[in-house]
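What follows is calculated from the coordinates using simple rules that are stated; it is not laboratory data. What you are looking at is a predicted structure, and each value in this text was computed from that prediction instead of being measured. Backbone-built Cβ (ideal geometry, glycine too); neighbour counts: all protein chains shown.
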Amino acid sequence: MALTVHVHTEAKAQLVFICTSKLPVVEFQASNERSPAKTPGDDPFEERALVYTLGGVLLATADDNSGHSGLASLTQPPRACQAALSVLGMAGEVTEPCYGQWVYKDGKSGSCPAFLYSHIHKTLPPLFRFSRFAAIMKLSLVAALGAATLVTSRTIKTANHVAMERLMDMKVTSREKLRNDGYFAAGKWKSTNEATACTNGKAGEYSCNGVDLQAFASHEDLGSKTKEGNDIWGWTSEDGREFAAVGQTDGTAFVEVTTDGQIKYLGRLPTQTEDSIWRDMKVIDGYVYIGSEAPGHGLQVFDLRKLLTVTEPIVFDIKKDLTAWFEGFGSSHNIVSHEETNMIYAVGTARSTSCKGGLFMVDVSDPAKPTSPGCASEDGYVHDAQCVIYKGPDSQYNGKEVCFNYNEDTLTIVDVTDKSAPKQISTTPYAGSSYTHQGWIVDPENMAYLLLDDELDEKDKTGEAANGHTTTYIFDVSTLAKPAYKGLYQSPVKSIDHNQYIIDGLSYQSNYGSGLRIVDVSSVAQDPTGKGFKEVGFFDCHPEDDAVGGEVEFFGSWSVYPYFKSGYILLNSIERGLYSLKRSA
């Protein structure tokens with residue numbers, strides 16, 4: 001999945017780009033010629049790689065199985081960046097924007113304007129408007145634009161940094177629209193501890209099936225000034241009381257879920273540095289570990305037992321009330337926990353660090369003194385992961401600590417038993433991938449199958465997800481070195497998938513605009529194609545798009561916590577607040 005690119009010795013910067021439309025994929029070596037460089041083939045004219053001077057660019061797309069992204073070396077940024085995107089547009093007859101970001105060797109960076117095929121077709125030199133040229137590009141090549149003397153060879157992993165930047169930009173844009181539309185206005189959403197049964201497909205204003213509303217608490221009533229939500233995780237005390245840490249852009253709210261499913265607000269822990277759309281948390285042995293994309297945030301360590309004696313809501317202090325503040329990394333995108341080994345894995349940390357955004361290991365055996373024993377970075381940036389003590393058909397790994405990583409364009413499996421020397425077992429791409437986001441093992445006692453969700457396939461209309469219906473991918477991982485894609489499941493409605501957790505053959509999915517979807521996946525061992533999967537319940541927390549069968553947008557639910565023994569399910573929405581739900585009797 002990598003592309004060998006011969007990089008210009010005079011390059012001052014690199015450009016990473018991503019295009020909404022699919023581009024041709026090719027591996028080539030450029031020369032110092034300004035005319036087509038022939039390559040073997042029955043028809044040399046149709047099999048040549050073009051070398052052409054325009055702004056000093058050497059350009060190639062990376063073979064990432066989707067053809068949407070790539071990398072270039074630039075001698076004259078940003079003018080060359082614009083030229084590069086123009087040629088990309090011509091190559092694929094792009095009707096939707098390409099996005100680019102160039103990075104100087106000294107770390108300075110900048111972004112490129114988006115280009116559309118309809119625009120650049122009118123502005124390129126005559127050669128680039130030649131129709132047969134466009135046909136050649138579509139068949140077998142991408143333009144190589146640059147001066148000569150290409151001597152250095154390097155293998156480049158797909159430039160998914162731009163994919164992630166694009167995804168985050170899309171979410172920021174979506175969030176700004178929600179703000180402008182008044183979704184976070186003071187007093188807009190009313191909290192209630194009055195239970196509402198799902199009757200005839202409705203629980204109050206919410207569409208549902210087999211899932212009752214027990215209570216609702218707005219983010220405003222949970223102490224947030226921004227009134228915007230994100231992740232969630234839960235904790236059960238030794239005496240059986242159930243609590244949750246509720247992610248918000250400006251911190252973390254703490255609640256107790258009472259025995260009748262009501263939500264009791266206990267207080268909050270502010271963000272360690274500044275507000276951020278992204279906040280993530282996990283719990284090990286009564287301590288919650290909180291990370292964020294906020295610069296310099298690091299890892300907050302908070303003892304949840306402090307909540308046991310709270311009588312009135314309290315705002316905890318980010319210095320004196322923390323058990324620890326681990327500064328070993330700055331920002332992070334997700335926090336992965338493995339209770340059996342007392343390990344936290346911060347993923348999506350800064351790519352510029354030595355860990356490259358990979359599995360940043362934090363040993364929390366002593367929560368007051370977290371330490372980092374290592375990092376697993378061979379496949380670069382990890383967006384999310386599930387780490388387990390392996391129990392499955394691949395006997396050589398039984399008893400070892402294995403992480404199933406969701407690495408933007410692949411499912412990547414790593415043996416992290418030896419923290420000082422993690423071993424990458426496999427990387428597996430799949431058809432239709434756009435942004436590999438998250439996933440979960442189906443059966444923790446026989447780890448033969450997992451489900452994977454892709455956050456941009458519905459948005460980018462790739463593969464089977466082009467119809468906009470939430471798409472879940474099924475993998476056979478009975479041989480860890482050779483995972484195999486087996487099939488997929490599509491939701492009855494349209495929306496983007498985000499997070500899912502599987503318990504006893506039921507996948508609890510948090511799917512943005514369509515809310516909580518509960519899917520019976522217990523048939524996977526008998527039929528891994530997914531044909532036997534069936535939705536058995538749902539609660540839609542975003543009624544605004546119900547009339548059109550759902551929309552492929554970044555609003556609605558962010559995540560779900562389904563692990564309470566009481567059966568209460570917590571759903572954290574972006575705009576409204578926290579829902580306490582329960583499957584109908």
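Observations, loosely collected:
- Gain upon complete extension [residue 481, residue 365; 0.36 nm per residue less C-alpha separation]: 38.7 nm
- Residues 458, 274, sorted so that the one with the fewest Cβ neighbours within 10 Å comes first: 274, 458
- Near residue 324, the amide H atoms lying under 5 Å from its own belong to 301; only residues 5 or more places off or on other chains count, and H is placed 1.01 Å from N.
- Annotation: amide H-H contacts under 5 Å for residue 271 (H modelled 1.01 Å from N, sequence separation of 5 or more, or interchain): 251, 252.
- Size check on the stretch 477-585: the Cα extents along the three principal axes, sorted descending, read 43, 33, 27 Å.
- Taking a ≥ b ≥ c as the square roots of the eigenvalues of the Cα gyration tensor, the stretch 172-329 is classed as oblate, since a/c reaches at least 1.5 and a/b does not exceed b/c.
- Isotropically averaged projected area of the stretch 386-435, using the convex hull of Cα atoms (one quarter of hull area), nm²: 3.8
- Fewest-first ranking of 418, 394, using other Cβ atoms within 10 Å as the exposure measure: 418, 394
- For residue 230, the residues 5 or more places off, or on other chains, whose built amide H falls under 5 Å of its own are 247, 248.
- Theoretical gain in end-to-end length, residue 426 to residue 303 [0.36 nm per residue, Cα-Cα removed]: 40.6 nm
- Fewest-first ordering of 219, 542, 469 by other beta carbons within 10 Å of each residue's beta carbon gives 469, 542, 219.
- Here the spin labels are modelled as points 7 Å beyond Cα on the Cα-Cβ line, and at residue 525 and residue 181 they lie 4.4 nm apart.
- Span from the the stretch 382-417 Cα centroid across to the the stretch 310-334 one, whole angstrom: 29
- Over all other residues within a Cβ to Cβ distance under 14 Å of residue 315, the charged ones net out to +1, with Lys and Arg as +1 and Asp and Glu as -1.
- Among 499-512, 193-206, the peptide with the highest mean count of other Cβ atoms within 10 Å heads the list, and the full ranking is 499-512, 193-206.
- Backbone N atoms of the stretch 253-281 closer than 14 Å to the 7 Å Cα→Cβ label point of residue 327 belong to residues 272-273.
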